[in-house]
Number of protein chains: 2
Amino acid sequence: MLRTHTCGELKKENEGQIVSLCGWVSTTRLLGKSLAFIDLRDRYGITQINFNLLGKFSENDSAEKKQSGWESNLNLINKLGREFVIQVKGEVVERKAKNKNIPTGEIEVEIHSADAITILNESKTPPFTIEDESDGGDELRMKYRYLDLRRTPIKNNLLQRHKVGQAVREYFDKNGFADIETPFLIKSTPEGARDFVVPSRLNPGEFYALPQSPQTFKQLLMVSGFDRYYQVVRCFRDEDLRADRQPEFTQIDCEMSFVEQEDVLHMFEGMVKHVFKKVRNLDLPKFPRMTYADAMKYYGVDKPDTRFEMKIVDLTPNPSPKGEGSENLVRGKGFKVYDDAELIGGICAKDCAEYTRKQLDELTEWVKRPQIGAGGLGYIKYNADGTLKSSFDKFFDEASLKKIAEKFSATTGDLILILAGAETKTRKALGELRLEMGNRLGLRDKNKFECLWVVDFPLLEWNEEEQRWFAMHHPFTSPKKEDMDWMYNGYTEKNSAHAPKANAYDIVINGVEIGGGSIRIHNKELQQQMFKVLGLTKEETEQKFSFILNAFEYGAPPHGGIAFGFDRLCSMVIANEDYIRDYIAFPKNNSGRDVMLDSPSPIDEKQKKELGLK
Amino acid sequence: MLRTHTCGELKKENEGQIVSLCGWVSTTRLLGKSLAFIDLRDRYGITQINFNLLGKFSENDSAEKKQSGWESNLNLINKLGREFVIQVKGEVVERKAKNKNIPTGEIEVEIHSADAITILNESKTPPFTIEDESDGGDELRMKYRYLDLRRTPIKNNLLQRHKVGQAVREYFDKNGFADIETPFLIKSTPEGARDFVVPSRLNPGEFYALPQSPQTFKQLLMVSGFDRYYQVVRCFRDEDLRADRQPEFTQIDCEMSFVEQEDVLHMFEGMVKHVFKKVRNLDLPKFPRMTYADAMKYYGVDKPDTRFEMKIVDLTPNPSPKGEGSENLVRGKGFKVYDDAELIGGICAKDCAEYTRKQLDELTEWVKRPQIGAGGLGYIKYNADGTLKSSFDKFFDEASLKKIAEKFSATTGDLILILAGAETKTRKALGELRLEMGNRLGLRDKNKFECLWVVDFPLLEWNEEEQRWFAMHHPFTSPKKEDMDWMYNGYTEKNSAHAPKANAYDIVINGVEIGGGSIRIHNKELQQQMFKVLGLTKEETEQKFSFILNAFEYGAPPHGGIAFGFDRLCSMVIANEDYIRDYIAFPKNNSGRDVMLDSPSPIDEKQKKELGLK
């Protein structure tokens, strides 16, 4: 080894030892002409090198010798640039001015001569500063990702990611799960997102596909009797990339046999708790459950951030006298927007009644942005003096406003914000507005973790455009028992109102979905019927899925599982943030390019010809 | 959970408990008309179910009731086929006839009624028997791999593989290695084997490549300062498949900074020892070292099986009087084959002098097979009576034969086998013959593990056909210090005689290479020179490798590492066999096909069009 210690481990007890350190020159500082300090950095920390430029000479050494020693020392220190890689040999001494901020702050390594330093490699000046807050823009840092990874925050993200992975494996080992690797060169069976494909040279004209997930393989492993399986595995999805999506991502993939939904939830809730305990030393309480229907109703989204309340209140009068919201508070007042809207709903922002015209205008602009797409923003201010003031005072008297305010349990000082329009769009917009107000009011606490199971997802969604049912989770998800009849007799009805619910569940932390799964179909007939419901012909079903249908004929056990987005789990556990790119060593940009490698790139004609692509 | 226990855990102490078990019907046995046994199997074991078909009735129950109970019990047992998935509820009782061969052999689960059994899924009769020695052929078992995986030997292989992986990770964790994931969609830079490529839909006409190994990424991680990295990672190589090669395979990939060769050997020898200790409870002694030159000389191969001696003896007279083998024992005797041969060499098979004509003919046929390619086989029998008899008696007198025998340290009873011909081919043939004789003589002991480092590999090989140098390991391997001058001044000389040696090493167990690595180049100028030596133009170098050359300008530390073939490591550790397919859950066949999935397969025209492949 070129070193005896790392730059993170020398302490006072090492005093007097002669050590070798290797690392990168973080800074050099000249103090007058006789002393220089070098901060030497490696993965483990920073150690200060104290370089006595005057050298160590005996009484009888000539002035010339001393002068030449000093000169070569000074030359060396002037040569050492930022990010040079050096080896230093010297004695560990106690520092005069201690640095309490770093573990090695009590000591320094003392040297007296240029000979104590070996330059292992030089460095050009990096294109951006290797500091916590770098001056480099996104694109530049991606191009020089290997330098970006030297920055402490990114470096720590990856080292912490390793710890998350360790904790995950530890939990699975403890619970008898076997890590079994499934193939990457599989068969293209697009049902949902697009597959990446790989031309086969040995089988011209034919293609492998890269897995979107090992779904069918883990089910086959259950058919094989492996009982409990997991894998931390790369998956691929050729999607039109949205911000912070990656064409390749890592999944923690799990499956269990002879289980019911409750068993799966229990097992994987345990995993998430174990990870939080190991990585952040946090004890999470039992995760609450919420139905998909409630999530949509109260939060406008299937992955609610439950760190704060501010639930959506539905003001739409219900034609059914028994239904909730049946009381008519908003219609027939002559306000056409509310009279015509499919959905009228709002949220109550506590203590925001004093919002200024400007703030409200700004919020109105915010909801009108194409990403949100609301037509406008209504509001009711419940003033401190008990009066009420709304954006639709022309149509509503104060008593009517009060009734609405009561519906929101609003009190003086509160601000009610109302959106109206088409059902799906408005519900989503309300959900977004709720999160935005949560941000503005500082309710999305970075130190708080609210985990949640969302359950009872719909099995299918009707797609108007393609005029067919789509699987909400994937086509292997089992319908609830009570909806089995629909699968055979109800599915020709073309709307979602009576569509079956699924034994499917998502795990959500602070509004971020970190995993989802289901109890699977394990019966050939039902699986075939599912493909039929999804509009696949017998031939397509046979061509794409015969292997799994065949497998179901040879004793497939009841089974279910879950898959976690490992990248997202890491970003949430490590920093409570929903931005995965900083947790991946070599990510791609929003166009799916690796700007460091300059990939994808053209391949040569010979290669194309061999692959039968010409 | 549908079960209270697995089929592998019930013991005498569970007696009297009411339990639920789930699993596969392995066998059913009717004993007369009153009793049936079911062997219920899951991943964990087999539990016997004792089914009293007569049922449990009270005194006053009618004969009719009893009869109908018996009938429904009998119906059920007749219905239960092999591989049906069932749930059984019953009481644990002590067995009368204990089975000492299985952990659950002391007990059985007693049931009295068909109601105690729930059929969770039926099964058709499997296409082959689910037994240790199945009656299914290779192709059939591959098509129904999910059933093949139910067989105990294959199931255990995969569970043991999981254990090997655990042991590997445990060792790396202990030694401060960080598991960092590198990308799968990278840039095509073929240098050696062919890349699999992936067309990019978002960047038409451009391609990603699948990694043959994460080589450049792990080097970049060293440049980033991660210091110690590992990954258990899938790699891809589009080769013309040979027996027992897979287009995708798993690698244990490792790299360390600030190390010299000795540090790397020490660290990873430790890993292999740790794995053998954890998985097989074996303490391996220190691994010997052998130079590549010695391996080729004495074993005819760069991965010698050192479980047995039988070293190759070179009989070629050396023109230099000082060189080994300089004594002329075989030339000038009038035997043209030896007079003309570039290499004459042999091995001494102990105690085989009594080989019959038939055995020798068979061996001759064996060396003449195209895979070995020898022209013929010479032999000298050192008979029990001290006389010598050879296949070339016409040309050699007994004194000459005796001299040769001495060279082999042969004694009475031994058989010397001699091959002659072109150097490279003959050396290889001698290596193969040595292994074959090792097999015939039972010297390749399944219970013995001889690990070995082969070091000082050549850096480059001259390719006559393409008239250029090829990297023996890969182009990032560093030459030995003493050969540095050749890299700049000697490389135009077109033969391997003075070609440099590399800081490269392989780890070999019982003649199987399980890993290899090197100390890398970390200097831009040398790396560029290496590409030049390999015949790449400046433009090609720039286009393919600019990212790594750039990285070397910003403070690349000295570094080195190794990669293990995980599949092969598993097959060796688990069963001391060199056949990886039985250690992979879903392998491909020799044409790179997955016969279960029927993949690769054509994709539809729409997909091709989207990818710009039409």
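The values are calculated or read from the model by the stated rules, or taken from the named source; none is laboratory data. Keep in mind it's a predicted model, so treat the numbers as computed, not measured. Please note: Cβ atoms are built from the backbone with ideal geometry, for glycine as well, and neighbour counts cover all protein chains shown. Only protein heavy atoms, including side chains, enter the accessible area calculation; ligands, DNA and RNA are left aside. Shrake-Rupley method; radii C 1.70, N 1.55, O 1.52, S 1.80 Å.
Looking only at the range B:166-183, how many residues end up being surrounded by fewer than 18 Cβ atoms within 10 Å (Cβ to Cβ), among the basic types (Lys, Arg) and within 11 Å of another protein chain (Cβ to nearest Cβ)?
Matching residues across the range B:166-183 total 0.
In the range B:575-587, which residues are of a type outside the set (Asp, Glu) and either away from every other protein chain (no Cβ under 14 Å) or within 8 Å of the chain's Cα centre (by Cα) (or both)?
B:Ala575, B:Asn576, B:Tyr579, B:Ile580
Hey, can you tell me all the residues within the range B:519-558 that are on the phi > 0 side of the Ramachandran plot and more than 9 Å from every other protein chain (Cβ to nearest Cβ)?
B:Gly535
To keep it simple, each residue is scored yes or no on (1) among the charged types (D, E, K, R); (2) closer than 23 Å to A:Phe552 by Cα.
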site: B:Lys56; (1), (2): yes, no
site: B:Ala63; (1), (2): no, no
site: B:Trp70; (1), (2): no, no
site: B:Lys79; (1), (2): yes, yes
site: B:Glu91; (1), (2): yes, no
site: B:Ile102; (1), (2): no, no
site: B:Gly105; (1), (2): no, no
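Scan the range B:173-192 and give yes if some residue there is in a strand (DSSP E or B), under 25 Å from A:Val197 (Cα atoms) and either in contact with a Pro (Cβ under 8 Å, 6 or more places away or on another chain) or outside the structural domain of B:Ile521 (by TED's automatic domain parsing) (or both), otherwise no.
yes
Which residue is surrounded by the fewest Cβ atoms within 10 Å (Cβ to Cβ), if the candidates are limited to the range B:48-73 and must be touching a helix residue (DSSP H, G or I) at 6+ places or on another chain (Cβ under 9 Å) and in a helix (DSSP H, G or I)?
In this case the residue turns out to be B:Ser72.
Only one of these is polar (S, T, N, Q), touching a strand residue (DSSP E or B) at 6+ places or on another chain (Cβ under 7 Å), at negative phi and open to solvent by 60 Å² or more (accessible area, probe 1.4 Å): A:Asn495, A:Asn489, A:Asn447. Name it.
Of A:Asn495, A:Asn489, A:Asn447, the one residue that is polar (S, T, N, Q), touching a strand residue (DSSP E or B) at 6+ places or on another chain (Cβ under 7 Å), at negative phi and open to solvent by 60 Å² or more (accessible area, probe 1.4 Å) is A:Asn495.
Could you list, in sequence order, all residues of the range B:458-511 that are over 16 Å from B:Ile562 (Cα atoms) and of a type in the set (Val, Ile, Thr)?
Once the filter is applied, which keeps residues that are over 16 Å from B:Ile562 (Cα atoms) and of a type in the set (Val, Ile, Thr), the range B:458-511 yields only B:Thr492.
Among the numbered criteria (1) at pLDDT below 95; (2) within 9 Å of chain A (Cβ to nearest Cβ), which single criterion is violated by B:Gly192?
Every condition holds for B:Gly192 apart from (2).
Only one of these conditions is not met by B:Asn203: (1) at the interface with another protein chain (Cβ under 8 Å from one of its Cβ atoms); (2) of a type in the set (S, T, N, Q); (3) surrounded by 21 or more Cβ atoms within 10 Å (Cβ to Cβ). Which number is it?
B:Asn203 satisfies every listed condition except (3).
Which members of the range B:121-143 meet the condition of being more than 7 Å from chain A (Cβ to nearest Cβ) and either in contact (Cβ under 8 Å) with a residue 24 or more places away in the chain or outside any loop (DSSP other than H, G, I, E, B) (or both)?
Those that are more than 7 Å from chain A (Cβ to nearest Cβ) and either in contact (Cβ under 8 Å) with a residue 24 or more places away in the chain or outside any loop (DSSP other than H, G, I, E, B) (or both): B:Glu122, B:Thr125, B:Ile130, B:Asp138, B:Glu139, B:Leu140, B:Arg141, B:Met142, B:Lys143.
Does B:Tyr505 meet the test of being under 24 Å from the mean Cα position of the chain (by Cα) and either free of Cβ contacts under 8 Å to residues at least 24 places away in the same chain or open to solvent by less than 10 Å² (accessible area, probe 1.4 Å) (or both)?
yes
In the range A:80-100, which residues are touching a residue at least 12 places away in the same chain (Cβ under 8 Å) and open to solvent by 30 Å² or more (accessible area, probe 1.4 Å)?
Within the range A:80-100, A:Arg82, A:Lys89, A:Glu91, A:Glu94, A:Asn99 meet the criteria.
Of the residues B:Val223, B:Val198, only one is at the interface with chain A (Cβ under 9 Å from one of its Cβ atoms), touching a residue at least 24 places away in the same chain (Cβ under 8 Å) and of a type in the set (A, V, I, L, M); which?
B:Val223
Does any residue in the range B:254-268 that is within 9 Å of another protein chain (Cβ to nearest Cβ) and outside any helix (DSSP H, G or I) come within less than 6 Å, Cβ to Cβ, of a residue that is of a type in the set (D, E, K, R) and open to solvent by less than 10 Å² (accessible area, probe 1.4 Å) six or more places away or on a different chain, and which pairs are these?
B:Ser257/B:Asp227
Whether any residue in the range B:144-165 is without any contact (Cβ under 8 Å) to a residue 12 or more places away in the chain and either at positive phi or more than 12 Å from every other protein chain (Cβ to nearest Cβ) (or both) is what I want to check.
No, the conditions are met nowhere in the range B:144-165.
If I go through the range B:1-47 residue by residue, how many of them are open to solvent by 20 Å² or more (accessible area, probe 1.4 Å), hydrophobic (A, V, I, L, M, F, W, C) and farther than 30 Å from A:Gly176 by Cα?
3
Scan the range B:563-575 and tell me whether some residue there is open to solvent by 30 Å² or more (accessible area, probe 1.4 Å), free of Cβ contacts under 8 Å to residues at least 60 places away in the same chain and over 30 Å from B:Gly205 (Cα atoms).
Yes, because at least one residue in the range B:563-575 is open to solvent by 30 Å² or more (accessible area, probe 1.4 Å), free of Cβ contacts under 8 Å to residues at least 60 places away in the same chain and over 30 Å from B:Gly205 (Cα atoms).
Out of all the residues in the range B:597-611, is one or more touching a residue at least 24 places away in the same chain (Cβ under 8 Å), more than 8 Å from chain A (Cβ to nearest Cβ) and open to solvent by 40 Å² or more (accessible area, probe 1.4 Å)?
The answer is no, given that none of the residues of the range B:597-611 is touching a residue at least 24 places away in the same chain (Cβ under 8 Å), more than 8 Å from chain A (Cβ to nearest Cβ) and open to solvent by 40 Å² or more (accessible area, probe 1.4 Å).
Is one or more of the residues making up the range A:228-246 more than 7 Å from chain B (Cβ to nearest Cβ), over 25 Å from the mean Cα position of the chain (by Cα) and at pLDDT 95 or above?
yes
Looking only at the range B:392-407, count how many residues are closer than 16 Å to B:Ala420 by Cβ and charged (D, E, K, R).
Residues in the range B:392-407 being closer than 16 Å to B:Ala420 by Cβ and charged (D, E, K, R): 2 in total.
In the set A:Ser400, A:Ser409, which member is hydroxyl-bearing (Ser, Thr, Tyr) and open to solvent by 70 Å² or more (accessible area, probe 1.4 Å)?
So the residue among A:Ser400, A:Ser409 that is hydroxyl-bearing (Ser, Thr, Tyr) and open to solvent by 70 Å² or more (accessible area, probe 1.4 Å) is A:Ser409.
Condition test on B:Glu106, is it within 42 Å of the chain's Cα centre (by Cα), more than 14 Å from chain A (Cβ to nearest Cβ), surrounded by 14 or more Cβ atoms within 10 Å (Cβ to Cβ) and at pLDDT 95 or above?
For B:Glu106, the condition - within 42 Å of the chain's Cα centre (by Cα), more than 14 Å from chain A (Cβ to nearest Cβ), surrounded by 14 or more Cβ atoms within 10 Å (Cβ to Cβ) and at pLDDT 95 or above - is met.
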